[in-house]
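Q: Before anything else, here's the structure in question.
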Amino acid sequence: MNWGLISAVNSEEVVKNCLLNSPGIQTGTEVLLQRGFVSAAAAYNAAIDKAESDLLVFVHQDVYLPEGWLTMVQNAVDVVSKTDPDWGVLGCWGIRPSGESAGFVYDGAWRNVLGQRFDGGLEVETLDEVVLIFRKSSGLRFDPQLAGFHMYGADICLEARHRGTKCYAIAAFCVHNTNQYGMLPWQFWKGYLQLRRKWKAQLPIRTSCTEITYWCWPVVRWNLVRAINLATGRDKPPTQRDQDPSRLYLQLIQSGAIAPPRCP
């Protein structure tokens, strides 16, 4: 497969321990690490311009791609393309129009496996930013007006749907070795409010972590509940990422939390 891997990087230690330590990155992969950008949109659009590959994978720096990951992506692309050759965006975790979650990923923030293995793709309304996949030839680009590093996954899916294409979650399992939030940062709120203005006619919009509504109540409620739970001890202090995601992945297999990868 002719593919390119793109990541916005602000920590050399994290990208070295996680993404660049991934056996799923095969020899010959076009890797574009985008450093020093003020937003994900700016970093990713610059990479689109440089990329020589057509299939582009935009992935967080704190993701670990296990051995055989590209084969899982290829299999999913093949299945989806049989029924929808003009698909818009694929990803590892998303929200279906029904409100149900779809995909297969380890969530380091809450220390659990989300979803399960399945074939092909499940149509979603939006996808999480942890992994986003689309073809350079599609002409899709990230909105340069979207500030920071939040909500661009939902936005690119809405852009794809606006063009008449569909988005799908696929079961290409990966480890999102992330830190957990105490409270949602201001950058998240800025992205939330920008999408609320931009896609006002499409509200409410379901995302992997909240729902964008006119009155913003779902995200306000999340912060209130989180603040109360942290203050009362109902929630433990925010967890920190694992220093060795390869060991974590092996532990998931040994514990039976996930099955070993299928042979190609």
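Q: Specify whether the C-alpha gyration tensor of region 122-264 places it in the rounded, prolate or oblate class, a ≥ b ≥ c being the square roots of the eigenvalues: rounded for a/c under 1.5, otherwise prolate if a/b is larger than b/c and oblate if not.
A: On the way: a/c = 2.17, a/b = 1.11, b/c = 1.96.
Since a/c reaches 1.5 but b/c is at least a/b, the shape of region 122-264 is classed as oblate.
Q: For E125, what is the net charge nearby, where nearby means another residue's Cβ is under 9 Å from its Cβ and Lys, Arg count +1, Asp, Glu -1? Please list the in-between numbers first.
A: Values: positive: R96, R161, R206; negative: E123.
Residues close to E125 contribute a combined charge of +2.
Q: Choose one answer from R234, R135, R35: the residue with the largest mean-square fluctuation in a GNM of the chain with alpha-carbon springs under 10 Å.
A: Top of the fluctuation ranking is R234.
Q: Residues with amide H under 5 Å of L32's amide H, sequence separation 5 or more or different chain, H placed in the peptide plane at 1.01 Å from N; which?
A: L5, I6, S7
Q: So what is the calculated 222 nm ellipticity per residue for the chain, using -39500 (n - 2.57) for each DSSP H run with n of 4 or more, over all residues, to the nearest 500 deg cm²/dmol? Walk me through the numbers on the way to the answer.
A: Values: 7 runs with 82 residues, N = 264.
Result for the chain: -9500 deg cm²/dmol, rounded to the nearest 500.
Q: Turning to a different aspect of this structure: Once the other residues with Cβ under 12 Å from the Cβ of A42 are scored (Lys, Arg +1; Asp, Glu -1), what is the net sum?
A: Numbers: positive: R35, R141; negative: D49, D143.
So the surrounding residues net to 0.
Q: What residues qualify as long-range amide H neighbours of T126, i.e. H under 5 Å apart, gap of 5 or more or another chain, H built at 1.01 Å from N?
A: I95
Q: Between region 30-78 and region 164-181, how far is it from one alpha carbon centroid to the other, in angstrom?
A: Answer, in whole Å: 13.
Q: Given H placed on each backbone N at 1.01 Å, which residues far from E211 in sequence or on other chains put an amide H within less than 5 Å of it?
A: For E211, the qualifying residues are V219.
Q: Give the lysines reachable from K200 as a straight Cα distance under 28 Å; neighbours fewer than 8 places away on the same chain don't count.
A: Answer for K200, where 28 Å is the Cα cut-off: K136, K166, K190, listed by chain and number.
Q: Sticking with this structure for a sec: Tell me, what HN-Hα J-couplings in whole Hz come from the Karplus equation 6.51 cos²θ - 1.76 cosθ + 1.60 at θ = phi - 60° for each residue of region 71-87, using x for Gly and Pro?
A: Here the 3J(HN,Hα) series is 5, 4, 5, 4, 4, 5, 4, 4, 5, 4, 5, 5, 9, 9, x, 9, 3 Hz.
Q: Over region 1-40, what is the relative contact order in percent, taking alpha-carbon pairs closer than 8 angstrom and at least six residues apart?
A: Values: 31 pairs, mean separation 25.0, N = 40.
Relative contact order, region 1-40: 63 percent.
Q: Mean separation of Cα pairs under 8 Å and 6+ residues apart, divided by the residue count of the chain: what relative contact order is that in percent? Provide the component values of the computation, followed by the final result.
A: On the way: 548 pairs, mean separation 56.2, N = 264.
Relative contact order, the chain: 21 percent.
Q: Now for a different question. Can you compute 3J(HN,Hα) from phi for each residue in region 25-35, using the Karplus curve 6.51 cos²θ - 1.76 cosθ + 1.60 with θ = phi - 60°, rounded to whole Hz and x for Gly and Pro?
A: With the stated coefficients, region 25-35 comes to 8, 7, 4, x, 5, 7, 10, 10, 9, 9, 10 Hz.
Q: Name the residue, out of S246, S98, S138, whose mean-square fluctuation peaks in a Gaussian network model built on the chain with Cα pairs under 10 Å.
A: Its mean-square fluctuation being the largest, the pick is S98.
Q: Net charge within 14 Å of K190 by Cβ-Cβ distance, Lys/Arg positive one each and Asp/Glu negative one each, not counting K190 itself? Numbers along the way, then the final one.
A: Working: positive: R196, R197, K198; negative: D143, D155.
Neighbourhood net charge equals +1.
Computed from the coordinates by the stated procedures, all read-outs in this text should not be read as laboratory data. In this text the structure is predicted, and so the values were computed from the model without any measurement. Cβ: placed from backbone, ideal geometry, glycine included. Neighbour counts: every protein chain shown.
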